[in-house]
Amino acid sequence: MRKTLLTLALGSTLCVPALAQAQAQSPHSFSANVGLYSEYVFRGIKQTSGEPALQGGFDYAHSSGLYLGTWASNISWLEDFGSYTRSSLEWDFYGGYKANIGKSDFSFDVGTIYYYYPGNKNPNIVDANTWEIYAGLGWKFLGMKYSYSINDYFGARPTGSKTDGTWYLDFYADYPIGNSGFSVNAHYGILDVNSDGSQAAATEASYNDWKIGAKYVVPSGTLKDLTLGAYYADNDVKKNAAGTSFYVDANGYNTAKDSFVVYVSKSF
């Protein structure tokens, strides 16, 4: 009996670390994030008319490189432009595949994203829901990403023609400063809206945008993965002789105006 109990005890002792190791090596991983931003700026354009934004999401990743996720933020631009009524949410769904290229420092990322805007459209307004496919290439702290719109680009039809085929090219860098937790980041983007018009008619929707910023990620302790950051964003959207542009809303607010954003976020 004693020998049996000893055998069981030893077996249990050996099984516990083996079970923990098996769990640690699970091919599945889940994460979440939440953040508070002084305003929401997307591709250089204000989405909340300079007001704060609460954002967050959930992600699933498999060791093979496959991933799925969802993310949401409050917005105001659809109501500000008179396109929707009772619409204050952007809800995104995305998925794809990313991996390193061999044993090099290069990586690639291919996938798709759907931007969903619940709410009520006003008469004769094109649906703002947008579906894009994308492909990206990265090297250490540098990267680029090309996005292509399958349908109308966020409901935009500057000249009345469809804007599917619109593309956006994003160049970015996120350079860590040693092991301090600090990093500096920069971005340059090129948007080519299909079938847009001229600046003179305020139907030119294509532009370039850029931003530069810095952030600090708490490396350990109870606040581990808490991020404090700030960035400046601007673009080359120009107003016409009448003082308006495609990005001036129904209230006369210029959503293409430069922005200085501060934020705090947390990953789990």
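Could you grab the pairs with beta carbons closer than 6 Å, sequence gap of 6+ or different chains, first residue in the range 222-238 and without any contact (Cβ under 8 Å) to a residue 60 or more places away in the chain and crowded, with 17+ Cβ neighbours inside 10 Å, second one of a type in the set (Val, Ile, Thr) and not in a loop (DSSP other than H, G, I, E, B)?
Taking only residues 6 or more apart or on different chains, the pairs are Tyr231/Val261.
Is one or more of the residues making up the range 149-158 in contact with a Ser or Thr (Cβ under 9 Å, 6 or more places away or on another chain), surrounded by 16 or more Cβ atoms within 10 Å (Cβ to Cβ), part of a helix (DSSP H, G or I) and of a type in the set (Phe, Trp, Tyr)?
Of all residues in the range 149-158, those in contact with a Ser or Thr (Cβ under 9 Å, 6 or more places away or on another chain) come to 149-158.
If we keep only those that are surrounded by 16 or more Cβ atoms within 10 Å (Cβ to Cβ) too, we end up with 149, 151-158.
Still in the running and part of a helix (DSSP H, G or I): 153-155.
Checking the rest, the ones that are also of a type in the set (Phe, Trp, Tyr) come to 153-154.
The answer is yes; a qualifying residue exists.
Identify the residue in the range 109-140 that is surrounded by fewer than 15 Cβ atoms within 10 Å (Cβ to Cβ) and more than 17 Å from the chain's Cα centre (by Cα) and, among all such residues, is farthest from Tyr188 (Cα to Cα).
Residue satisfying both the conditions and the ranking: Pro123.
Do you know which residues across the range 222-249 are under 19 Å from Gly44 (Cβ atoms), among the hydrophobic types (A, V, I, L, M, F, W, C) and not in a loop (DSSP other than H, G, I, E, B)?
Initially, the range 222-249 is screened for residues under 19 Å from Gly44 (Cβ atoms), giving 229-240, 244-249.
If we keep only those that are among the hydrophobic types (A, V, I, L, M, F, W, C) as well, we get 230, 233, 237, 246, 248.
Selection gives Ala230, Ala233, Val248.
Which residue pairs have Cβ atoms closer than 8 Å, lie 6 or more positions apart in sequence or on different chains, and pair a first residue in the range 75-93 that is at positive phi and surrounded by fewer than 18 Cβ atoms within 10 Å (Cβ to Cβ) with a second residue that is at pLDDT 95 or above and not in a loop (DSSP other than H, G, I, E, B)?
Arg86/Glu79
Find the residue count for the range 174-221, including only residues that are under 15 Å from Tyr247 (Cβ atoms), part of a strand (DSSP E or B) and among the acidic types (Asp, Glu). Break it down stepwise before answering.
Residues of the range 174-221 under 15 Å from Tyr247 (Cβ atoms): 189, 191, 193, 196-199, 201-209.
Narrowing further to those that are part of a strand (DSSP E or B): 189, 191, 207-209.
When the remaining residues are screened for being among the acidic types (Asp, Glu), the result is 209.
Number satisfying all stated conditions: 1.
The values are calculated or read from the model by the stated rules, or taken from the named source; none is laboratory data. The model shown is predicted, which means the values in this text are computed figures rather than measured ones. Positions of Cβ are backbone-derived with ideal geometry, glycine not excepted, and every protein chain shown enters the neighbour counts.
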